[in-house]
Amino acid sequence: MSLRIFINGTLYDKENAKISVYDHGLLYGDGVFEGIRAYGGKVFRLHEHLIRLWNSAKAICLSIPMSLAEMEKAIYDTLAANDLKDAYVRLVVTRGAGSLGLDPNRTSDPQVIIITDKIVMYPEEYYQNGLSIVTASTIRNHPAALSPRIKSLNYLNNIMAKIEGLQAGCVEALMLNHKGEIAECTGDNIFLVRGGDVLTPPIDAGILEGVTREAVIELARTDNLIVREIALTRHDVYIADECFLTGTAAEVIPVVKVDNRPIGDGKPGAITRELIRKFRELTRA
Ligand code: PXG
């Protein structure tokens, strides 16, 4: 049976799920998206993801042609049509088909796409042994050029940094902001542990407001850990006791080496391991 994909209220077989080559999502990366996960049939923090999608759309003057409640129902219907319980959910809203010019007023009908598919997990070995990452020379988008808070279809900034990481043999790469401070990785937020406290860059460092980031901050505070959202430099990373990344795909994943420097003793730290356990408990409860 073919995978069923939702486009504007209709479910199509994957082979027939198509949109126009004149769509401004394709021509200009003009649109927004979300990457979400379902665990045991329940979509994790769906409301938070939908709010972020609607806020991203608002920021680019794109009106999503359905309500939040309709989107929520459409997601569950698409999951059911594919008989998926543990799944990856990709929402895409494009500006729609237009002319071969930038003018968004010449586009018609934004396209709402919901893809639900099997989730491709990182190997368990990454969680046991931790990742080695490098700092990319490509900085994160300047917030005054394109706010990193917008999860837009224009992901070239992150892809450029990802290429640098891959060329160095790493699956993730650290991105700095225009001030040279730590921002985030190409598809994950970053955390440090120092002296028992959990540190992470603030939103105004020019990062995506990660849903997993927020969940992990809550888990850490519930554990009576002090969490501080503060400006961090590469030096802070190099001298940290622990480092980990958070994201929908990765969940919580340890980092044991940055720019060839071992973090702490070069093994996933105790607080990181505890947060991995707590996050798994939260999502698989
Ligand atoms: N920063 C950036 C730039 C992202 O794209 C995150 C942080 C983490 O945010 P969430 O809300 O997921 O905790 C992201 C999200 C993938 C994939 O397949 C990547 C993301 C989301 C889903 C899938 O690599 N990135």
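The values are calculated or read from the model by the stated rules, or taken from the named source; none is laboratory data. Quantities reported herein were computed from a predicted structural model and do not represent experimental measurements. Because the Cβ atoms are built from the backbone with ideal geometry, glycine has one as well, and the counts that use them run over all protein chains shown. When the accessible area is computed, the model is the full protein with side chains, heavy atoms only, and any ligands, DNA or RNA have been set aside. Shrake-Rupley method; radii C 1.70, N 1.55, O 1.52, S 1.80 Å.
Confirm whether Ala17 is of a type in the set (A, V, I, L, M) and touching a Leu at 6+ places or on another chain (Cβ under 6 Å). Steps first, answer last, please.
Details: of a type in the set (A, V, I, L, M): yes; touching a Leu at 6+ places or on another chain (Cβ under 6 Å): no.
No; evaluated as a whole, the condition is false for this residue.
Of the residues that sit in the range 188-207 and are out of contact with any Gly (no Cβ under 9 Å at 6 or more places or on another chain) and aliphatic (A, V, I, L, M), which one is nearest to the ligand (Cβ to nearest atom)? Let's see the steps before the verdict.
Residues of the range 188-207 that are out of contact with any Gly (no Cβ under 9 Å at 6 or more places or on another chain), as a first pass: 190-192, 194-207.
When the remaining residues are screened for being aliphatic (A, V, I, L, M), the result is 190, 192, 198-199, 203, 205, 207.
Details: Ile190: 9, Leu192: 16, Val198: 16, Leu199: 16, Ile203: 11, Ala205: 12, Ile207: 6 Å.
The extreme case among them is Ile207.
Let me confirm something: among Tyr88, Tyr122, which residue is assigned to a loop (DSSP other than H, G, I, E, B), touching a residue at least 40 places away in the same chain (Cβ under 8 Å) and within 12 Å of the ligand (Cβ to nearest atom)?
Working: Tyr88 fails: assigned to a loop (DSSP other than H, G, I, E, B).
Sole residue among the options that is assigned to a loop (DSSP other than H, G, I, E, B), touching a residue at least 40 places away in the same chain (Cβ under 8 Å) and within 12 Å of the ligand (Cβ to nearest atom): Tyr122.
Return yes when Val32 is exposed (fewer than 14 other Cβ atoms within 10 Å of the Cβ) and either away from the ligand (no atom under 16 Å from the Cβ) or not in a loop (DSSP other than H, G, I, E, B) (or both) and no when it is not. Spell out the reasoning first.
Working: exposed (fewer than 14 other Cβ atoms within 10 Å of the Cβ): no; either away from the ligand (no atom under 16 Å from the Cβ) or not in a loop (DSSP other than H, G, I, E, B) (or both): yes.
Against the criterion (exposed (fewer than 14 other Cβ atoms within 10 Å of the Cβ) and either away from the ligand (no atom under 16 Å from the Cβ) or not in a loop (DSSP other than H, G, I, E, B) (or both)), Val32 does not qualify.
Condition test on Tyr155, is it open to solvent by less than 30 Å² (accessible area, probe 1.4 Å) and either within 20 Å of the chain's Cα centre (by Cα) or over 23 Å from Leu11 (Cα atoms) (or both)?
Answer is no for this residue.
Hey, any hits in the range 53-61 for a residue that's under 22 Å from the mean Cα position of the chain (by Cα) and surrounded by fewer than 14 Cβ atoms within 10 Å (Cβ to Cβ)? Talk me through it step by step, then tell me what you get.
Taking the range 53-61 as the starting set, the residues that turn out to be under 22 Å from the mean Cα position of the chain (by Cα) are 53-61.
With the extra rule that they be surrounded by fewer than 14 Cβ atoms within 10 Å (Cβ to Cβ), the set shrinks to 58, 61.
Among the residues of the range 53-61, at least one is under 22 Å from the mean Cα position of the chain (by Cα) and surrounded by fewer than 14 Cβ atoms within 10 Å (Cβ to Cβ), which makes the answer yes.
Given the criterion in contact with a His (Cβ under 9 Å, 6 or more places away or on another chain) and surrounded by 19 or more Cβ atoms within 10 Å (Cβ to Cβ), identify the matching residue among Val93, Val112, Val89.
Details: Val93 fails: in contact with a His (Cβ under 9 Å, 6 or more places away or on another chain); Val112 fails: in contact with a His (Cβ under 9 Å, 6 or more places away or on another chain).
Of Val93, Val112, Val89, the one residue that is in contact with a His (Cβ under 9 Å, 6 or more places away or on another chain) and surrounded by 19 or more Cβ atoms within 10 Å (Cβ to Cβ) is Val89.
Given the conditions (1) open to solvent by 50 Å² or more (accessible area, probe 1.4 Å); (2) away from the ligand (no atom under 16 Å from the Cβ); (3) closer than 19 Å to Ile150 by Cα; (4) β-branched (Val, Ile, Thr), which single one is not true for Val21?
Val21 satisfies every listed condition except (3).
Name every residue in the range 213-228 that is within 15 Å of the ligand (Cβ to nearest atom) and open to solvent by 10 Å² or more (accessible area, probe 1.4 Å), in order of residue number.
Answer for the range 213-228, where residues must be within 15 Å of the ligand (Cβ to nearest atom) and open to solvent by 10 Å² or more (accessible area, probe 1.4 Å): Glu214, Glu218, Leu219.
If you go through the range 244-285, how many residues are of a type in the set (Phe, Trp, Tyr) and buried (at least 19 other Cβ atoms within 10 Å of the Cβ)? Show your work before the answer.
Within the range 244-285, the subset of a type in the set (Phe, Trp, Tyr) is 244, 279.
Keeping just the survivors that are buried (at least 19 other Cβ atoms within 10 Å of the Cβ) gives 244.
Counting residues in the range 244-285 that are of a type in the set (Phe, Trp, Tyr) and buried (at least 19 other Cβ atoms within 10 Å of the Cβ) gives 1.
Which condition from (1) modelled with pLDDT of 95 or more; (2) over 30 Å from Val171 (Cβ atoms); (3) more than 16 Å from the ligand (Cβ to nearest atom) is the one that Gly101 breaks?
Single failed check for Gly101: (1).
Being touching a Phe, Trp or Tyr at 6+ places or on another chain (Cβ under 9 Å) and buried (at least 24 other Cβ atoms within 10 Å of the Cβ) is the filter here, so list the residues in the range 171-187 that pass it.
Thr186
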